[in-house]
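Step one of this worksheet: look at the structure below.
The numbers here are math on the coordinates, done by the rules we state, and not lab data. It should be emphasised that the depicted structure is a prediction, and the values quoted were computed from it without experimental measurement. Don't worry about glycine lacking a Cβ; one is built from the backbone with ideal geometry, like all the others, and counts go over all protein chains shown.
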Amino acid sequence: MPFCFYRQNPRTWQTIRVENDLYFQIRVGTLLPDAALPFDLYVLVNKKYIHYLPAGGKMSQEKISKLKGSEQFFVPLPQRQAFKDFVSQSLNQESVSVASKAKILRDTSISLVEEIYEKKDIGDALNESKEVVGHFVKLLNETPESIDHLIQLSTHDFYTFNHSLDVSVYALGIGKLVGYNDEMLAELGRGSLFHDIGKKWVAAEIICKKGALDEAEWAQMQRHPEYGLKILSEYDVSDAIKACCFEHHESFLGNGYPQKLDGPSIHPMARIVAIADTFDALTTQRSYNQPMTPKDALLFMSTKIKGKYDPDILKALNDVVNKLD
Ligand SMILES: [Fe+2]
Ligand SMILES: [Fe+2]
């Protein structure tokens, strides 16, 4: 399995994979300051799990701020439900700011997306994603401005797990703007999270290659929508989610891959994922190119490669991203 494409820092190229069956990882941003945590926290030191905070303990704002961006915690698997309940309660508290809720949601989701790529069997992650995406849809309904906070938390970095989440956020912003109902948003959000799942089957050397791909490598990489469809077909997944995966590299001009579908034949949700995907790729730092600013990426997509996309959805992306200025 190609671990490095989501776990490797492109600057140091150092794998930081963690593997275990007893604990699940959480990010420090999911912890509400000064709230009693209904689960134990462990840290990993020299490959050993060290008990950091017992259930019922609290973390101060100061401590959380100090740890932000670096620390990962581990929670025993049997306490997973307690953790999920804690996240739900945090997101439902009126006293918690929209910005904090967006951060909690982002950090919760990132841990889930990491699992998607870490585990052989993605059945659990597919199930978990229902709840996580449901939180996104609820937050967007209750506080429409949360999309701005969520976009501002987009990382534009190399890791595929961050990319998957960034694409979901843009896609949900677009979906909301074009009038999708909750059910459709949930499908779109999950389809976006799993759109690149087929990369699990692409050779790690290709996924992790620092420079441009040669012809054979590119051919292999272009099979990821097909691999993704095969993976998803093993599970009870809707056609819309499968289409987000299988059709997100199709082009309105009919020269995309793998099916060379023309515009009207491409599933509407896959059109949204395609646009969110390209926007995130253009604004992302890779080892061999400089990222575009969001403005430049929008301009590029609206001029140079305009014909590739559904014009209504491209306009919606403009509206979602431009209002942040
Ligand atoms: Fe892709
Ligand atoms: Fe992608």
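Taking 0.36 nm per intervening residue step and subtracting the Cα-Cα distance, what contour gain separates Val45 from Glu226 on full extension?
Difference between extended and current length: 61.2 nm.
Percent of Cα-Cα pairs more than 29 Å apart in the chain, please.
It works out to 36 percent of all Cα pairs.
How long is the gain from Asp319 to Asp85 if the chain were fully straight, where each residue apart is worth 0.36 nm and the alpha carbon distance is subtracted?
Numbers: separation 234, 0.36 × 234 = 84.24 nm, distance 3.44 nm.
Once the chain is fully extended between Asp319 and Asp85, it gains 80.8 nm.
Among all helices in the chain defined by DSSP H, which have a length of 24 Å or more along the axis from Cα atoms plus a Kyte-Doolittle mean of at least 0.0?
Helix filter hits for the chain: 98-118, 160-177.
Whole Å is fine, so just give me how far the alpha carbon centre of region 289-308 lies from that of region 226-282.
Result: 20 Å between the Cα centres.
Excluding Cys244 itself, what net charge comes from residues whose Cβ is under 13 Å from its Cβ, given Lys and Arg +1 and Asp and Glu -1?
Working: positive: Arg190, Lys242, Arg271; negative: Glu187, Asp196, Asp239, Glu247, Glu250, Asp277.
Net charge around Cys244: -3.
Between the DSSP loop rule and a limit of at most 12 other Cβ atoms within 10 Å, which GluC sites (Glu not before Pro) in region 234-325 are left? All intermediate terms of the calculation are to be shown ahead of the outcome.
Numbers: sites: Glu234, Glu247, Glu250; in loops: Glu234, Glu247, Glu250.
Answer in residue order: Glu234.
Less than 10 Å Cβ to Cβ from Ile147, Lys/Arg counted +1 and Asp/Glu -1: what total charge do the surrounding residues give?
Computed value for this residue: 0.
Take the cross-link list Lys47/Lys119; Lys199/Lys323; Lys119/Lys230; Lys101/Lys295; Lys176/Lys308; Lys101/Lys210 and give me the ones stretching past 28 Å between alpha-carbons.
Cα-Cα > 28 Å for Lys199/Lys323; Lys101/Lys210; rest within.
Which value in deg cm²/dmol, rounded to the nearest 500, describes the helix-derived mean residue ellipticity at 222 nm for the chain, given -39,500 (n - 2.57) per DSSP H run of n ≥ 4 and division by the residue count?
Working: 15 runs with 167 residues, N = 325.
Calculated at 222 nm, the ellipticity per residue is -15500 deg cm²/dmol.
FRET efficiency for Thr293 and Asn255, Cβ-Cβ distance as r, R0 = 35 Å, nearest 0.05?
0.80
What does the extension gain come out to for Lys120 and Lys306, with contour length at 0.36 nm per residue minus their alpha carbon separation?
Separation in residues times 0.36 nm, less the Cα-Cα distance, equals 63.2 nm.
Please report the relative contact order for the chain, taking Cα pairs under 8 Å with a sequence separation of at least 6, and give it as a percent rounded to a whole number.
16 percent
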